[in-house]
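To keep things clear, I will list the structure first and then write my remarks on it.
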Amino acid sequence: MGPALAAVVVAPVAMFAQTWVGYNNTQDIMLGFRMAGKPDLVLDLGSYTTFNSAKTINASYLTGVYGSDLDGISWSASGTIGDPNSADWKSIFATDPITTAWQNKSSGILGQTSSKIVTFGGNLNTAVSLSLQNVTLLANNALTIVPSGSSLDKSYTYAMTHTGTGNFGGTFQGNIESTLPTGFSAGATDQQMSFYELKPTDTTGTPGAATLVGTFDVAPNGTITYTPTPEPSTYALAGLAFLGFAGARRLVRKI
């Protein structure tokens, strides 16, 4: 993936018609948020092929659902590339709250999590199409859904916590979620998570670290940004421009 040339801005809720295009289970990246006693917020950010460009998601999405106090919200991003009817899974994508990169695994192991991601996205499509479980469409590809806690639950909370904590029911190698700490909204430090692509490998030996795709960032005011990681060959040429863009992001966030 190459360096970002311009940020893709996801506009405030009021600027969209209320439609849910539908999660594409072979390519879309989902961004989910949950907090006890509140509805889940889920945004379909579109195809993984667009993640070589920066994205900015307006703070009104988070603050409109959770208010100005964002402390205690858990969040993550995930997606998959592959045919849900085939064992030939290609890759999965997942945020990483720890400093050690996720590891590539065999197609069989990654396929277990890919299946859970596809199920989650398909459940959202079903909930919207049948008007199930207190679904509210906020904007194009953005919705809230109230967790029910039952076996028919189609929420982000259920996908993350049922028989596991933030690891898709125990099929993934770790917790893909991060939680905004106490005092976060009153602070000045953003919370960031690295975003990795895990590629299947059936070779012997150590599979190696997953590929760093970019970084998700949540600011105390609720603005969410995604910054892609330049390909290694572009580091030298893009270094100064990338730093300039990062500085501009910080400046814009303070306005």
Residue within the stretch 22-29 that is modelled with pLDDT under 90, more than 15 Å from the chain's Cα centre (by Cα) and surrounded by 20 or more Cβ atoms within 10 Å (Cβ to Cβ) present: no
Matching entry among Leu110, Leu124 (being at pLDDT below 90, crowded, with 22+ Cβ neighbours inside 10 Å and part of a helix (DSSP H, G or I)): Leu110
Close pairs (6 angstrom Cβ cut-off, 6 or more residues apart or separate chains): in contact (Cβ under 8 Å) with a residue 12 or more places away in the chain and buried (at least 19 other Cβ atoms within 10 Å of the Cβ) in the stretch 151-164, part of a helix (DSSP H, G or I) and polar (S, T, N, Q) anywhere: Lys154/Asn123
Near pairs, Cβ below 6 angstrom, 6+ apart or cross-chain, from the stretch 123-136 (of a type outside the set (Gly, Ala, Ser)) to any residue that is in a loop (DSSP other than H, G, I, E, B) and surrounded by 13 or more Cβ atoms within 10 Å (Cβ to Cβ): Asn123/Lys154; Leu124/Tyr23; Asn125/Gly22; Asn125/Tyr23; Val128/Trp20; Gln133/Ser148; Gln133/Lys154; Asn134/Val146
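The values are calculated or read from the model by the stated rules, or taken from the named source; none is laboratory data. Note that the structure is predicted; figures quoted are calculated from it, not measured. With ideal geometry, Cβ positions are generated from the backbone for all residues, glycine too; neighbour counts draw on all protein chains shown.
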